[in-house]
1. Find the residue count for the stretch B:98-116, including only residues that are surrounded by 17 or more Cβ atoms within 10 Å (Cβ to Cβ) and more than 15 Å from B:Arg9 (Cα to Cα).
2. Among the helices (runs of 4 or more DSSP H) lying completely within the stretch A:1-60, list those that include at least 1 residues that are under 24 Å from A:Asp81 (Cα atoms).
3. Kindly indicate whether any position in the stretch B:14-31 is more than 14 Å from A:Glu96 (Cβ to Cβ), facing chain A (nearest Cβ under 9 Å) and assigned to a loop (DSSP other than H, G, I, E, B).
4. Could you figure out which of (1) part of a strand (DSSP E or B); (2) within 12 Å of the chain's Cα centre (by Cα); (3) more than 8 Å from chain A (Cβ to nearest Cβ) isn't true of B:Thr39?
5. Need pairs with beta-carbon distance below 8 Å; first residue under 16 Å from A:Arg67 (Cβ atoms) and without any contact (Cβ under 8 Å) to a residue 60 or more places away in the chain and within the stretch A:33-50, second buried (at least 17 other Cβ atoms within 10 Å of the Cβ) and of a type in the set (Phe, Trp, Tyr); sequence gap 6+ or separate chains.
Amino acid sequence: MQAVLEAVAEPRRREILRLVRTTELPAGVIAAHFADVSRPAISFHLRVLRDAGLVAERREGTRRLYRVRPEGFAEVRAFLDEFWADRLDVLRVEAEAEERRKRAQQQPRKEGDPT
Amino acid sequence: MTTVDPIVREVYVEATPETVFEFYVDPRKLERWLAVEATLDPRPGGVCLQVHAGDDRPDSGLFHMEGEFVTVDPPKRVVFTWGFTEPEVNVPVGSTTVEVSLTPEGSGTRVQLVHHDLPPSELASHAGGWATMLDRLAAAVAAEVERG
């Protein structure tokens, strides 16, 4: 999971994932998409993504082609679990606050209680 | 299409099932934990519309969850379909189902949420879009780094 997290921590790598999500693209086309990033830097990002198992690399002649490896995101399923876990955590906090508010309304304050 | 095991999450809430139930069927309450905007008609066949914020930029990344209530059994169970109108989310309207069960436990409620029918290729994007999922991952990493 750590490699996956580190791989997607960098915005340009996330951009690359978006580019090759549905189509396989040669490294050159990917690099051309980033006017402000050097070709070696893109190669580095592609290597990180490949090593994290998030993209598949294929050679065709002298070209290297990349596409997203959906199965590489199997670990991310755990992260999606987290989506609901995070939301449910917020639900817990909000529902408990609501419950306290209701109980406070039902039980009039005793005399002398601080407000 | 291959389906995979559902996502199952549970949480204990120190509140009655009645209170928790409202957070699934009352739009103002649902907006406190799940969506930025909700339109809910909590009866079988009624609409369950949720607008989810994709990322931090206010002008972008709004995702429209267009669901329908299947079962509404207060304060025990609520089932609704879960899908997005945005094709890039890859979870078509009506394609998946979220089932919530509330069980009294001690002085509170055990909440179980089961997300059914997620095909594997679509798992990676159901959290409100591919972009969102990746950006959330990045945010989680950043938080970890800050925590040291």
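1. Going through the stretch B:98-116 one residue at a time, the tally reaches 1.
2. Answer list for the stretch A:1-60: A:2-9, A:11-19, A:39-51.
3. Taking every residue of the stretch B:14-31 in turn, none turns out to be more than 14 Å from A:Glu96 (Cβ to Cβ), facing chain A (nearest Cβ under 9 Å) and assigned to a loop (DSSP other than H, G, I, E, B).
4. (2)
5. Short answer, once both residue conditions are applied: A:Leu46/A:Tyr66; A:Leu49/A:Tyr66; A:Arg50/A:Tyr66.
Results for (1) more than 9 Å from chain A (Cβ to nearest Cβ); (2) at pLDDT 95 or above; (3) over 18 Å from A:Phe83 (Cα atoms), shown as yes or no for each residue.
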position: B:Thr3; (1), (2), (3): yes, no, yes
position: B:Val11; (1), (2), (3): no, no, no
position: B:Ala35; (1), (2), (3): yes, no, no
position: B:Gly45; (1), (2), (3): yes, yes, yes
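The values are calculated or read from the model by the stated rules, or taken from the named source; none is laboratory data. Owing to the predicted nature of the structure, the values given are computational and were not obtained by experimental measurement. Positions of Cβ are generated from backbone atoms using ideal geometry, with glycine treated the same way; all protein chains shown enter the neighbour counts.
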